[in-house]
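Student: Below is the structure I would like to discuss, written out as structure tokens.
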């Protein structure tokens, strides 16, 4: 006999699945039920019958009573379809622009927290923010691979072009994909395209990744066709505020005002990525076959703050110039950075206001953390600055992942990571 789950039954199963923290097509689920993935997919589709023993096993694995899940009327009218077209219910993907991340170190806790945010908490907007090379894109790709089976559609879109796609271009292509590339009449107005996407987000469960959000912000800053780019922010705000069943995952070097304003909405999750921990960083050094003592490795990792891109670069340099021996490198020690890291920092600095630029330079000329009052004094040697203006400038530099902050007693200190300090000093010709 073949059974079909009712719509209400599938909702019950869905709640039970989320309570376990399982993805929609988790291997642990069909593994415990001793069925194949296509069988689980047929069960979840709720359209075609599956064998009773498989139906019972799937329900038992997730902890629900199968008798409460069955649609008895439909089950009596249908038979098991051994040749059911699985493509009808398989995840539909559009990920030609997604990077192939073959090596991934650390981030276990971040990955677990993000999976819980998307699968259990049903976050509508998730943001990964951090400096260049910190691993935002790699983490987003790893996360997407692990949660995409919970969605009907998955699309990865890169904004790392010069200029990035306008919102009209992106939405038109995305809506076509979500409509199975059928000949549909697309609105000409970007506001109507936004409304169309939000409607689809409500009807279908979509995972959308936008990689490189900072490029939208920088395009706005230099005034290139601003109108259409500014509406990216409106789209993000609406996705965060409106009720729907989809999720947008964003990677960015800097936060926008829209991202900041959404932070306090429960369905929005923003994470600032720091460097890899010691153990994960050591895996990079070992993979590059460096020769080092434990204290040498720790110093190297601390100097680059666990930045994966920077660590890979310095490891390759030590391998090429010093045959991989960190002891030889230490006698000729210098901070080095990848060209793409320098370019990203320079692009970031080009969008700074005069006060932000002066504030950044005041911090960069120091080799140790600098106190708030000293920054203000240095800037006031050139022009008068209020506390409110300086604090806004510092906030902006922090949101752009350029500076760090520390508190000591009642005093506040600001600093640059060594690799960023060297880039900034080179850019502004500071000694």
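Student: On a full-extension model of 0.36 nm per residue, what is the gain between residue 430 and residue 113, subtracting their alpha-carbon distance, rounded to one decimal in nm?
Tutor: Between residue 430 and residue 113, full extension yields 110.0 nm more.
Student: Using mean projected area of the Cα convex hull in nm² as the read-out, say which of [x] 25.7; [y] 23.3; [z] 21.5 was calculated from these coordinates.
Tutor: [x]
Student: Bins of 10 Å, beginning at zero and ending with the bin holding the largest distance: percent of Cα pairs per bin for region 116-174, please.
Tutor: For region 116-174, the pair-distance distribution reads 17, 44, 36, 3.
Student: What shape does region 278-339 have by the C-alpha gyration tensor, where a ≥ b ≥ c are the square roots of the eigenvalues, rounded means a/c under 1.5, and otherwise prolate means a/b greater than b/c and oblate the rest?
Tutor: In terms of gyration-tensor shape, rounded.
Student: If you don't mind, there's one more thing I want to ask. Using only DSSP helix segments of four residues or longer, with each worth -39500 (n - 2.57), what per-residue ellipticity at 222 nm results for the chain after dividing by its residue count and rounding to 500?
Tutor: So the calculated ellipticity at 222 nm is -15500 deg cm²/dmol.
Student: Rounded, prolate or oblate: which fits region 352-428 when a ≥ b ≥ c are the square roots of the eigenvalues of the alpha-carbon gyration tensor, with rounded for a/c under 1.5 and prolate only if a/b beats b/c?
Tutor: Rounded is the answer for region 352-428, as its axis ratio a/c remains below 1.5.
Student: Is the shape of region 92-272 rounded, prolate or oblate, going by the alpha carbon gyration tensor and its root eigenvalues a ≥ b ≥ c, with a/c under 1.5 for rounded and a/b larger than b/c for prolate?
Tutor: In terms of gyration-tensor shape, rounded.
Student: At 0.36 nm per residue, minus the direct Cα-Cα distance, what do residue 16 and residue 350 gain on full extension? Give it in nm, one decimal, please.
Tutor: Here the segment from residue 16 to residue 350 would lengthen by 115.2 nm.
Student: Viscosity 1.002 mPa s, temperature 20 °C: what is the translational diffusion coefficient of region 187-294 from Stokes-Einstein with a Kirkwood Rh over Cα pairs, rounded to a whole number of µm²/s?
Tutor: 129
Student: For residue 317 and residue 367 in one chain, what is 0.36 nm times their gap in residues minus the Cα-Cα distance, to one decimal in nm?
Tutor: 15.6 nm
Student: If you build a Gaussian network model of the chain, linking Cα atoms that sit under 10 Å apart, which residue out of 351, 129, 247 swings the most?
Tutor: For the chain, modelled as a Gaussian network with Cα springs under 10 Å, the answer is 351.
Student: Calculate how many DSSP beta bridges within the chain are antiparallel, expressed in % of all such bridges and rounded to the nearest 5.
Tutor: Here the antiparallel bridges make up roughly 30 percent for the chain.
Taken together, the values in this text are just the output of simple stated rules run on the coordinates, not laboratory data. Not measured: the values here are computed from a predicted model.
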